[in-house]
Each structure stands twice: as C-alpha cells, then as structure tokens.
Amino acid sequence: MKISLVGLSGSGKTSVYLTTFAGKKPEQTKGAAPTIMYEIRRHPFLGLEVSIFDFGGQEQYRESYMSDPKVFSGTDVLIPVIDLHEPEKFEEAKKYFTDVMNLFKKHNIKPAVHIFFHKYDLEDYVKELLDTNLEKAKGAFLDLFSKWNPVYHVTSIYEQERLAEIFRDILVASYKSLEKHVETAQKQLSEIPARIIISDTAGNVIVHNVQGVSTGLQLRGDLRDFISACNNLRENLFMSESAEFTGRGLEGDKEITLHVFKFIIAVLIMKTQELDKSAQEKIESLLSDMSMFADLVVRAHAES
Ligand SMILES: Nc1nc2c(ncn2[C@@H]2O[C@H](COP(=O)(O)OP(=O)(O)O)[C@@H](O)[C@H]2O)c(=O)[nH]1
Ligand SMILES: [Mg+2]
C-alpha cells in the first residue's frame, strides 16, 4: 500500500505524517526542516506495510523527481495537501498538481485521490479569512482533480483525532468489506459502559471510546508495550493465534482485559465496576465481531 503526499513546500505534509503516524504532538512540528527531494517512511497498519512518500515541494527538487516517474509508480492513494493559510499560492499549487496528474496519466497510475484542504485552524491565523479561503480552494482544486473522483477532507494537525480517523478510513478502505465492521464497532463502543480500545497489535488505534489514549493513530506507550508483550507471549508460550490476558489491581476495583485475535487485532477492555448482564452481552457481541474482523484482515492479506 503506497500513499503519496504531494504539495508545495510548507503546506504541512511532513507534519501530517508526524502527528498521525509518528506519535508527535502538533506543536512539535513547528520549525521542522523542509523535506528535500522526497522521504519514504514505512508503517505497519493491520499487518499491511504502508509506505508514505512525502514529496518535498520546493521547486528545485520538484523538477528532478518529476523527471523520474518511478517515484510515483504503484501509488494507491494520492493526497494533495493544500495550505488554506496561503491562498496566494493556490495558482502555483495548481500548476504543480497539474504536472503531477499529467505524470500519473502518462504512466497509467490510477490512485484514489483524497484532497486535504489543510490548516483549517486558527493557529497563527485570522478567522474571517479561513472560510473564504476554503471556498476559494474548493473552486480551484475540486475541478482540477474531477476526472479522478476525488474525495476531499478539511484537515488540521490540531484536530489530531479527526486526522487519524481520516487515515484509518483511507487505510481500512483498502481492505474491502472491513469498513462496515469498523462502523459497527464504533456504534457498539458508544453503548458499552467500559473503556474499550480496539487497535492492531502494532498499536495503531482503530476505534476507542476513551479520551486521550492516542496521539494520531498511535496508542499510548504503556498500553502499546503491554499489547506487544502479551502478543509475544501468545506466540511463544501459547502458540495459538488468539489469546486473552487479564490484569487486576489488588486495591480498588480496576481490571483490564486484553483479547488478541488472529495475531493482528487487540481489544483492550478497562473496567472500574462490575458490568450488568446487558453490558456483558454487548461486550460478547463486540468480541465476536472483532474476531470476525480479524479473520477478514487475515484473508485480505492472503488474497493480496
Ligand atoms: N496552523 C497549522 N500549521 C500547520 C499545520 N500543519 C502543518 N503546519 C505548520 O506548517 C509548517 C510547515 O509544515 P511541514 O510539515 O514542514 O510542511 P511540508 O513542507 O509540506 O512538509 C510547520 O511550521 C507546521 O507546524 C496545520 O494543520 N495547521
Ligand atoms: Mg516536508
């Protein structure tokens, strides 16, 4: 799975990567060095290797990688990033994207296109202009990509949770038939009176109902380590594809249960009270759905 992020220098590509995939806080992206040429980063998600190509937007580098079309080949998802704080650069961005699209056409690369109208926030910016710029950007760019059936998203690294959800949806969409399960799980979670996190065993959060457990797609470090350790035990000690682990504080009534399904999906359930029968049934139903979800992921791997 190859995702290519393209956009002018300073539009926010590296920041999008860092806050979503690398566990960085938005503030930590300020003053990062501009990307030279392009950078490739690899990230496992649901056991699939995702490579994220971050193309430096500076003119002098653009020409040299644009003359080597290999860099774009195999792109499954193209994400043009447009900086809403810099409307005076829309024309230049249009020119750049036109060149990119021509290259894709010429080499018959047909990615799904997700346009990010980015920096939709008031960090160092005035409110009145933001919506004007958004309308202007829609006018300028939706048309440009219209042949590619683009989907657009209004994004900001300061809406980290939302941005992570957008990427999760883009990634999950590449496994046909998984989207429905994620949607169902999200609904189930809202109805269960326990704190639940569903992630993959690498610690990418898929759905949860707990505030502040993740930074972008990345689960909090201690929980990620817990899942990783349990997953190793499952493999080395139990030698089974799925396993269950429980921890309990001897004072108080906190309890944590981890279910690993098919070595790929982790469901963490944190309880602070005994659950009534109806809540327990909901949890059972969630678990059986996630077990099916894990089967589907494994099958999708086998098919690809
Ligand atoms: N206000 C705001 N600033 C952002 C956002 N995303 C990135 N930035 C800032 O924009 C600047 C350039 O970002 P960078 O990721 O290096 O751009 P790149 O050249 O496209 O990789 C950095 O100072 C970031 O902190 C955003 O969503 N909102
Ligand atoms: Mg960059």
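Where a number appears in this text, it was derived from the coordinates with a stated rule and is not lab data. Keep in mind it's a predicted model, so treat the numbers as computed, not measured. A quick note on method: Cβ atoms are made from the backbone with ideal geometry, for glycine too, and the neighbour counts reach across all protein chains shown.
Report the rotationally averaged projected area of the range 179-303 based on its alpha-carbon convex hull, in square nanometres.
Values: hull surface 32.6 nm².
Across all orientations, the range 179-303 yields a mean hull projection of 8.2 nm².
Filter the DSSP H helices in the chain by two things, a Kyte-Doolittle mean of at least 1.6 and an axial alpha-carbon span of 30 angstrom or more, and list the hits by number.
Values: long enough: 277-303 (39 Å, -0.06).
The answer is none, since no helix passes both cut-offs.
If each residue of separation counts as 0.36 nm, what is the full-extension length gain between LYS110 and LYS136 once their alpha-carbon separation is subtracted? List each step's numbers first, then the result.
Details: separation 26, 0.36 × 26 = 9.36 nm, distance 2.65 nm.
Between LYS110 and LYS136, full extension yields an extra 6.7 nm.
Would you mind computing, in nm to one decimal, how far apart the modelled labels at VAL126 and ARG299 are, each placed 7 Å from Cα along Cα→Cβ?
5.7
Kindly identify the range 2-172 as rounded, prolate or oblate by the Cα gyration tensor criterion: order the square roots of the eigenvalues as a ≥ b ≥ c, call it rounded if a/c is under 1.5, otherwise compare a/b with b/c, prolate if a/b is larger, else oblate. Write down the numbers at each step before the final one.
Details: a/c = 1.38, a/b = 1.11, b/c = 1.24.
It comes out rounded by the Cα gyration axes.
I need GLU303, GLU281 ordered by Cβ neighbour count within 10 Å, fewest first. Walk me through the intermediate numbers first.
Details: GLU303 8, GLU281 12.
Final ranking by Cβ density, sparse to dense: GLU303, GLU281.
In a shell of Cβ-Cβ distance under 10 Å around ILE52, excluding ILE52 itself, what net charge do Lys and Arg (+1) and Asp and Glu (-1) give?
Values: positive: LYS2, LYS13, ARG41, ARG42; negative: GLU39, ASP54.
Overall, the nearby charge balance is +2.
Using only Cα atoms, what Kirkwood radius does the chain have, in angstroms?
Details: mean 1/r = 0.0479 Å⁻¹.
About 20.9 Å for the chain.
Work out how much length ASP276 to GLU63 would gain on full extension: take 0.36 nm times their residue separation and subtract the Cα-Cα distance, in nm to one decimal.
Difference between extended and current length: 70.3 nm.
Which order, highest average first, do 42-49, 215-222, 139-146 follow once you tally other Cβ atoms within 10 Å for each residue and take the mean per peptide? List each step's numbers first, then the result.
On the way: 42-49: 16.5, 215-222: 19.8, 139-146: 14.4.
For the peptides 42-49, 215-222, 139-146, the packing ranking is 215-222, 42-49, 139-146.
On a straight-distance basis, which aspartates and glutamates could pair with LYS70 in a cross-link, Cα separation under 18 angstrom, same-chain partners fewer than 8 positions away excluded?
GLU39, ASP54, ASP99
Please order HIS114, HIS153 by the number of other Cβ within 10 Å, starting at the fewest. Numbers along the way, then the final one.
On the way: HIS114 22, HIS153 18.
Ordered by Cβ neighbours within 10 Å, fewest first: HIS153, HIS114.
What net charge do the residues around ARG234 carry, taking every other residue with its C-beta under 13 Å from that of ARG234, with Lys and Arg at +1 and Asp and Glu at -1? If you can, show how the numbers build up before the last one.
Numbers: positive: LYS262; negative: GLU235, GLU241, GLU244.
For residues surrounding ARG234, the net value is -2.
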